[in-house]
Amino acid sequence: MPQHIAIVMDGNGRWAQKRNMPRLAGHNAGMKAMKEIIKRASSLGVGHLTVYAFSTENWKRAAEEVNGIFKLLVFYVDSELAELNENNVKVKILGDYRKLPALAVEKIEGAVEATKANTGLQFNIALNYGGRDEILRAVKIICTMVKDGALDPETIEKKTISENLYTGGNFADVPDPDLVIRTSGEKRVSNYLLWQCAYSEFVFADALWPDFTPEEFEKAIAEYQSRERRFGGR
Ligand code: IPE
Ligand code: IPE
Ligand code: MG
């Protein structure tokens with residue numbers, strides 16, 4: 001079983017378009033799909049599930065869509081928190097979520113706080129997350145330590161960078177993803193976990209995210225399990 005599965009939940013807009021529905025209906029259906037995947041990941045004993053919920057580039061979309069996504073998030077955090085706790089799920093956030101509307105920030109921090117003692121699946125939500133932003137932020141943290149005399153530049157290692165990413169030991173403490181799944185047939189990284197996915201296996205599914213079922217999730221895991229990981233060795 002992969003220790004960490006990261007998902008690019010893509011295709012909500014196209015799912016809605018196909019049904020002549022507003023894009024937000026697609027995002028709502030996407031939230032429902034996500035609930036089912038969390039439950040399955042939890043029962044399969046996956047250590048970490050990370051979902052790409054909103055990228056640093058998604059602000060380019062219409063304000064109506066952006067605000068609608070945040071409203072859905074508030075709604076689902078409220079309605080799902082009890083069940084997350086029942087399932088022993090611990091919620092963490094990757095990204096600059098403090099730039100979200102105040103109510104969303106409040107709910108998110110509430111969910112992180114309310115689930116922090118849970119010991120089951122760690123569910124990481126990449127929210128206002130961008131891989132390049134994350135690396136830039138780590139560089140700034142490290143530079144500040146150097147400037148303050150707390151760190152000798154000669155001692156900077158790969159680990160120093162890892163530790164200061166959102167996924168690092170100083171923050172959400174998430175191992176590198178073993179498996180990255182992207183739905184909707186798109187085959188690109190879109191600024192997701194750039195440093196962390198150096199040796200991840202990628203599975204691309206054609207299903208649009210709202211149609212992605214726990215069964216397909218298990219198929220992606222089986223595909224991962226059939227791969228031979230070499231990490232550059234022979
Ligand atoms: C993914 O679905 C969800 C977010 C980016 C928030 P999209 O909204 O990107 O759906 P498509 O790619 O337009 O179909
Ligand atoms: C990636 O999907 C971001 C999320 C799923 C949140 P996008 O739909 O934003 O990516 P592009 O624009 O197709 O690369
Ligand atoms: Mg998309």
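Quick notes on this one:
- Being closer than 26 Å to Lys99 by Cα, more than 14 Å from ligand 2 (Cβ to nearest atom) and not β-branched (Val, Ile, Thr) holds for only one residue in Asn20, Asn58, Asn67, and it is Asn67.
- Answer residue from region 20-48, given it is closer than 15 Å to Ser184 by Cβ and within 12 Å of ligand 1 (Cβ to nearest atom) and is farthest from the chain's Cα centre (by Cα) among those: Arg23
- Of all residues in region 6-19 being near ligand 3 (Cβ under 10 Å from one of its atoms) and over 18 Å from the mean Cα position of the chain (by Cα), the one that is surrounded by the fewest Cβ atoms within 10 Å (Cβ to Cβ): Arg14
Here's the yes/no breakdown for (1) in contact (Cβ under 8 Å) with a residue 12 or more places away in the chain; (2) surrounded by fewer than 21 Cβ atoms within 10 Å (Cβ to Cβ); (3) assigned to a loop (DSSP other than H, G, I, E, B):
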residue: Lys107; (1), (2), (3): yes, yes, no
residue: Gly120; (1), (2), (3): yes, yes, yes
residue: Phe123; (1), (2), (3): yes, no, no
residue: Leu127; (1), (2), (3): yes, no, no
residue: Asp133; (1), (2), (3): yes, yes, no
residue: Leu136; (1), (2), (3): no, yes, no
residue: Glu154; (1), (2), (3): no, yes, no
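- Test: residue in region 26-42 that is without any contact (Cβ under 8 Å) to a residue 12 or more places away in the chain and surrounded by fewer than 19 Cβ atoms within 10 Å (Cβ to Cβ): no
Bear in mind that the values in this text are calculations on the coordinates, not laboratory data. Because the structure is a prediction, the values reported are computed rather than measured. Cβ sites come from the backbone with ideal geometry, for glycine too, and all protein chains shown count toward neighbours.
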